[in-house]
Amino acid sequence: MAASDAVLSFMTKQSNLGGVVVNGIQSSPPHHSARLSIHSFMIKMANSKSFVPELPKLDLDLYLQNYVGRTRFDRLFLIGQSSAPLCVEALKAAVNEAKTGNDVNRYRDAWDAVRNVAPNDPEAQRDDAWIEQTEMANKAETARLEGELKGYRNNLIKESIRMGNEDLGKHFESIGKLSEATDAYTRMRQDVSTTKHIIDCGMHLANVSLHRRDYAMVLNNIGKITSVQNGDDEKSLQAYTRIASGIALLGLERFEDAAKQFLRTDFTVSPTEYNHIASPNDVAVYGGLLALATMDRKELQQNVLENQTFRTFLEHEPHIRKAISLFVNSRYSSCLSILEGSRADYLLDIYLQNHVPAIYSKIRTKCIVQYFVPFSCVTLECLDAAFAQPGTSIGSELVEMIRQNALKARIDAKNKLLVAVRPDARAVMQKEALQVAQSYEREAKERLRRISLAATGLDVVGGKKATPGLPSGSGLDEAWYDDSRQPPFQGTGLEMEG
């Protein structure tokens with residue numbers, strides 16, 4: 001169905017604000033006016049880096065069944081702001097989702113978006129009665145919980161104070177006051193008395209920090225949880241801590257560390273333990289894409305394809321497993337083709353959206369480099385056929401890779417060749433010989449100095465000792481063989497015996 005003018009206008013506005021727009025609009029609408037609107041929209045968006053023309057394959061109803069809690073609204077609202085074909089459906093579902101909770105601000109945000117894209121729909125009519133009723137109920141509940149907490153403090157009962165802060169934090173979290181929820185959970189930590197209390201407090205703070213996109217605090221609180229886990233808690237909490245840590249590391253763009261966390265997630269843990277932040281499908285996508293971006297073929301074979309724990313997650317996303325298998329088997333163009341087919345869906349994920357360009361760029365660079373490794377030279381025509389879109393060339397991309405030192409090659413513009421730059425074997429040999437000679441010289445000087453010290457009856461106080469098994473000179477104090485320094489006998493580290 002053709003997108004309406006209101007949706008096109010809304011998408012244009014989102015793109016101008018820096019948002020990602022996944023198009024998928026029907027190219028040949030039946031009505032002339034709609035065709036003109038879409039043509040105008042496409043012209044405006046053609047030069048936008050945030051515009052993606054592919055159609056998402058997402059089934060909204062099936063997608064939402066994997067989640068509970070606040071993340072449902074977050075995902076619906078992001079899809080509504082980013083996908084033209086799913087915009088109206090997602091925003092209407094976001095309005096209904098907001099009304100199942102107590103967060104009035106979320107309802108206002110969703111309603112404001114719906115009235116811009118579908119002004120004639122029932123969801124576009126503001127429900128002032130629900131807003132007033134919910135705000136009054138929220139104020140009454142806040143006053144009640146704060147009154148109870150004040151009474152607990154007057155009675156100096158630590159367990160009651162802890163529970164009061166926990167209840168207040170949950171209430172603030174449910175109504176969208178995340179800063180106040182963080183403060184309440186932080187006060188709760190002062191009155192914890194058991195390991196379970198510490199774990200509960202850490203999980204509350206980690207969840208709120210994830211909603212606030214404060215990834216450093218997520219890692220901090222996950223670290224406190226893992227430091228007090230015992231054997232009984234470890235298995236049930238392992239999946240949650242791994243996934244939360246992986247999402248936080250992904251947000252901090254530490255892709256390799258994030259991949260390792262997702263790959264170690266225990267598939268035997270029920271998804272209900274972590275479906276308020278992610279689903280098994282998400283674990284497969286995050287772990288698979290990040291592993292492709294950061295690991296070589298041998299590591300992918302050992303840590304992903306032969307990893308029985310993670311292979312169970314990959315069964316939820318078979319195209320990710322196929323893409324990794326194709327990369328390991330050196331079928332790079334097919335691997336990239338599969339990934340490009342799912343790019344639109346990944347751009348609608350709340351944690352992946354901002355990182356999809358960087359992750360895809362890393363994977364594409366690895367594919368080009370690995371394709372070129374067996375050859376001394378390759379024609380640009382072959383590279384274009386393997387990696388470029390029809391009618392385009394990857395020449396500028398190769399130039400950028402060479403400048404960034406990602407590709408050890410040079411371009412022969414006259415003969416249209418990419419020529420490998422091989423290291424000079426003689427220069428490498430000479431460099432290694434000089435390094436060995438310098439290392440031998442340092443060790444010889446150190447031995448002579450120590451012999452001289454022993455002969456004069458002097459002893460070194462707190463001197464560094466070489467570690468057995470390390471290369472010669474690796475454990476020596478640089479001060480002893482640096483000729484530019486003062487003689488050792490004038491230093492402060494010597495004592496006269498007798």
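The table below gives the values:
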item	result
Per-residue ³J(HN,Hα) for the stretch 243-255, Karplus 6.51 cos²θ - 1.76 cosθ + 1.60, θ = phi - 60°, Hz, x for Gly and Pro	5, 4, 5, x, 5, 5, 5, 4, x, 8, 6, 9, 5
Contact order relative to length of the stretch 231-374, as percent, for alpha carbon pairs under 8 angstrom and 6 or more apart	21
Residue-normalised accessible area of the stretch 277-414, given per residue in Å² at a 1.4 Å probe	45
Accessible area (Å², per residue) of the stretch 67-187, counting only protein heavy atoms and a probe of 1.4 Å	48
Lys/Arg +1, Asp/Glu -1 at C-beta; the stretch 376-437 dipole; positive extreme among M401, A433, V378	A433
For the stretch 300-430, alpha-carbon Rg and Dmax in angstrom	17.2, 54
Built amide H within the under 5 Å cut-off of A409, gap 5+	V421
Length released on extending from D424 to A386, taking residue separation times 0.36 nm less the Cα-Cα span	10.7 nm
Rounded if a/c under 1.5, otherwise prolate or oblate - the stretch 196-290, Cα gyration tensor axes	oblate
Stretch gain in nm, segment R144-K416, where the contour uses 0.36 nm per residue and the Cα spacing is subtracted	90.3 nm
Under-5 Å amide H pairs with T379, H placed in peptide plane, nonlocal only	L418
Set of lysines with alpha-carbon distance to K445 below 26 Å, sequence-local pairs under 8 removed	K431, K464, K465
Surface share of carbon and sulfur [accessible, 1.4 angstrom probe, percent] for the stretch 231-374	42
Share of carbon and sulfur in the accessible heavy-atom surface of the stretch 376-437 [1.4 Å probe, %]	56
Inter-probe distance in nm under a simple model that places probes 7 Å from Cα toward Cβ, at S393 and L156	8.3
Whether the stretch 376-437 is rounded, prolate or oblate, judged on the alpha carbon gyration tensor where a/c under 1.5 counts as rounded	prolate
Tensor-based shape of the stretch 123-266 (alpha-carbon gyration tensor, a/c under 1.5 rounded, otherwise prolate or oblate)	oblate
Residues of type lysines that K196 reaches as a straight line, Cα spacing below 27 Å, ignoring anything fewer than 8 places off in the same chain	K150, K158, K170, K177, K224, K235, K260
Calculated from backbone phi, Karplus (6.51, -1.76, 1.60) coupling profile of the stretch 181-194 in Hz, x at Gly/Pro	5, 4, 4, 5, 5, 5, 5, 4, 4, 5, 10, 6, 9, 10
Cross-link reach list, aspartates and glutamates versus K298, counting only Cα pairs under 14 Å and skipping chain neighbours closer than eight places	E306
For the stretch 84-98, 3J(HN,Hα) per residue [Karplus equation, 6.51 cos²θ - 1.76 cosθ + 1.60, θ = phi - 60°, Hz, x = Gly/Pro]	5, x, 9, 4, 5, 4, 5, 5, 5, 5, 5, 4, 5, 5, 4
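The values are calculated or read from the model by the stated rules, or taken from the named source; none is laboratory data. Quantities reported herein were computed from a predicted structural model and do not represent experimental measurements. Cβ: placed from backbone, ideal geometry, glycine included. Neighbour counts: every protein chain shown. Surface accessibility is based on the protein's heavy atoms, side chains included, excluding ligands, DNA and RNA. Shrake-Rupley method; radii C 1.70, N 1.55, O 1.52, S 1.80 Å.
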